[in-house]
Amino acid sequence: MTRATLAEVLQPALAGGYAVGGLVTLGWEDMRAYVAAAELENCSVILQAGPSCRAHTPLPVLGKMFAQLAEHASVPVVAHLDHGYTYDECAQALDSGFTSLMFDGSRLPLAENIAQTRAIVEMAGLACQRRSARTSRAQRIFVNSILERNCGWHSARLCVMP
């Protein structure tokens, strides 16, 4: 198999009524164990490189690690950037072979969060997840309606772009 996108693993899961595990990795051993477990169960897996993982392993190295595992796996493997905090970090993840991004703009003012989210969606053109934790429910509904209208997003938390 090769690396898969979120759309490639979540659309069948949605249609089939099952979940796909998104597992936070801290290093090579975790990644290998998660892929081995997914193979035993014959299910897709989402390997997530969060801030703690990226603190000691650069994105280009993580991209190569995910690629190595995916190329030899018998199941689809998603390489996911979890909590990318900047446009540049998200761009570097894509350049490194990641197939999924979660941009966390929750630390930004609302208008900047929306602008950066839109720029990342345009740059990425793939499955993209957005977090906006510091907004009220009314603001989230408003932001989500803007993003759905302008970006084609289908839900507030996890979005698979066509």
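The values are calculated or read from the model by the stated rules, or taken from the named source; none is laboratory data. Bear in mind the structure is a predicted one, so any value in this text is a computation, not a measurement. Neighbour counts run over all protein chains shown; Cβ positions are idealised from the backbone, glycine included.
Scanning the stretch 57-80 for residues that are buried (at least 16 other Cβ atoms within 10 Å of the Cβ) and closer than 20 Å to M1 by Cα yields a count of 14.
For L26, the conditions (1) closer than 27 Å to S106 by Cβ; (2) at pLDDT 95 or above all hold with the exception of (2).
Of the residues that sit in the stretch 26-47 and are in contact (Cβ under 8 Å) with a residue 40 or more places away in the chain and of a type outside the set (S, T, Y), which one is nearest to L94 (Cα to Cα)? For the stretch 26-47, the residue satisfying everything is I46. When A13, A49, A7 are checked against the criterion of being at pLDDT 95 or above, under 16 Å from V78 (Cβ atoms) and of a type in the set (G, A, S), A49 stands alone in meeting it.
For the stretch 39-51, check the following and say yes or no: at least one residue is surrounded by fewer than 18 Cβ atoms within 10 Å (Cβ to Cβ) and within 23 Å of F103 (Cα to Cα).
Within the stretch 39-51, one or more residues are surrounded by fewer than 18 Cβ atoms within 10 Å (Cβ to Cβ) and within 23 Å of F103 (Cα to Cα).
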